[in-house]
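Engineer: Got a structure for you, questions after.
The values are calculated or read from the model by the stated rules, or taken from the named source; none is laboratory data. These figures come from a predicted structure and were not determined experimentally. All Cβ positions, even for glycine, are placed from backbone atoms using ideal geometry, and neighbour counts span all protein chains on display. These accessible areas exclude ligands, DNA and RNA; they are computed on the full protein's heavy atoms, side chains included. Shrake-Rupley method; radii C 1.70, N 1.55, O 1.52, S 1.80 Å.
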Amino acid sequence: MREPLPIICGMLLNDLATTCNCEDHAKSSADIASILDDGDVPLISVPVNGRLCISRTSLSRGESTIEFAAISHVRSQSLAVGDGSSVCSLRRLQSLVDGLPKASAVSSESNLAFPWWIDVVCIPESQGKKRVNAMIKRIFEAAAAVLVLDTKLCHWVPASIPDCRNAIRQSPWMKRLWTLQEISLARRVYFRFFEKTVSLADIIGSQECALDGTIDGRISTVNEVDIFRERGNVHDKLECLDRFDEDLKSLGPESMTSSEDVSSTMRNTPDAGSHKPLDTKDDSKCTSKINKSILDKSRLKSLLRLGYLSLPWFQLISDQYEYSQSQVVMAKIISLYDVKSEKGRNAKTYMSTEAKLMALAALQLDIALEEPVG
């Protein structure tokens, strides 16, 4: 790994800040807000030696009216973009987007810069948080390609595909919850390393070759459709994760201070598999004991992250023990939130939001939970 430098993907940001005199894109915020108010998604592109261009697309059932790329990144790591930053910063990111196979093919045919989306530019602060969260999932599902930018990965010089995989496992991007949510339904995912972009398809394909007894590290030509062949089943899991996420967001910021609170409360929590309705007295007793203030929100967020890690394409870029435990967590989430199953229907009918969250919080795992950062 190279020594940390003030760069993102090969761009010297400090030098850029002192030498660039081009216009900023702050004045584009009003146009972007107008597109969002119309129910569409704003996209940006920056032609070489050209001005910032703003376009729009409409999304429906995971499809977009025009092809575009989306950038997934760790927000605490500065990409030198945002309201008021220079177009030069965006132009450097444009070059990375144009280098993606899908974008390269389209750009060469049309001779135009490939449009792309990034939250720090395409979501003004004036937009409601709940509305934005719902939109982001649709954006990453509809994107023709997703480019992952993480400063640790951008400084990493991988010697092989397995080296790429190990670097991703240790990256801050992999430790976040929302980054996993962003690519949970992405079609094509690419990770940017130092002067090199590697696709998730190659990383997974390389590991599959190793499991078949061939040499690990070989870049394979894996069809993304094969990687996401469980897409239909994944949608059902994602619906359960979304319901868990909504319940989690309904909590306040308080956390419990003792694991004993969980045990004592769980003794009064109805079983998700129970067929017997709660009587008024029991329900009142349960509600009084299960208080939002004793729910450990950090632990629940960690469990939600593990739920996302249970999705099939994370298996070969996750730690094997963590992935194994993610299956345990996902099974519990399904039992509580899958309304297509009998247990899930019973939980919806007879268990309060707090009771379901407490049942998850009490789940015993073989590994220490790592709290999602950011």
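Engineer: Put a dot 7 Å past each Cα toward the Cβ at E246 and V328; how far apart are the dots in nm?
Structural biologist: 2.9 nm
Engineer: Also: For D37 and D163, FRET efficiency with R0 = 41 Å and r from the beta-carbon atoms, rounded to 0.05? Could you put the intermediate results ahead of the total?
Structural biologist: Working: r = 45 Å, r/R0 = 1.11.
After rounding, the FRET efficiency stands at 0.35.
Engineer: If you add up the charges near F114, with Lys and Arg at +1 and Asp and Glu at -1, over every other residue whose beta carbon is less than 10 angstrom from its beta carbon, what do you get?
Structural biologist: -1
Engineer: Still on this structure: Find the Cα radius of gyration of the range 310-368, compare it with 2.2 N^0.38 Å by division, and give the number to two decimals. Before the final figure, lay out each step's value.
Structural biologist: Values: Rg = 13.1 Å, N = 59, 2.2 N^0.38 = 10.4 Å.
Taking N as the residue count of the range 310-368, the ratio is 1.26.
Engineer: Could you point to the residue in Y190, S160, L177 farthest towards the positive end of the range 157-200's charge dipole, with +1 and -1 charges on the Cβ of Lys/Arg and Asp/Glu respectively?
Structural biologist: L177
Engineer: On to the next question. Mind giving me the nanometre distance, one decimal, between the label points for N133 and H235, set 7 Å out from Cα along Cα→Cβ?
Structural biologist: With each label point 7 Å from Cα toward Cβ, the separation is 2.3 nm.
Engineer: Just read off the accessible area of Y323 with the full protein assembly in place, 1.4 Å probe, to the nearest 10 Å².
Structural biologist: Y323 has an accessible surface of roughly 30 Å² with all protein chains in place.
Engineer: How much solvent-accessible surface does M174 expose, in Å² to the nearest 10, with a 1.4 Å probe and all protein chains in place?
Structural biologist: About 0 Å², rounded to the nearest 10.
Engineer: Once the piece of chain linking Q315 and F194 is laid out straight, how much longer is it, given 0.36 nm per residue of separation minus the C-alpha distance between them? Intermediate results must be reported in sequence, preceding the final value.
Structural biologist: On the way: separation 121, 0.36 × 121 = 43.56 nm, distance 2.43 nm.
In short, 41.1 nm is gained.
Engineer: Still on this model: Determine how large the accessible area of E182 is when every protein chain is in place; take a 1.4 Å probe and give Å² rounded to the nearest 10.
Structural biologist: Per-residue accessible area (E182): approximately 10 Å².
Engineer: How much length would be gained if the chain were fully extended between R345 and S95, taking 0.36 nm per residue of separation minus their Cα-Cα distance, in nm to one decimal?
Structural biologist: Details: separation 250, 0.36 × 250 = 90.00 nm, distance 4.93 nm.
Computed gain between R345 and S95 is 85.1 nm.
Engineer: Let me ask another. More than 15 Å apart: what percent of Cα pairs in the range 133-197 qualify? Display every interim value, and only then the final one.
Structural biologist: On the way: 1073 of 2080 pairs.
Of all Cα-Cα pairs in the range 133-197, 52 percent lie more than 15 Å apart.
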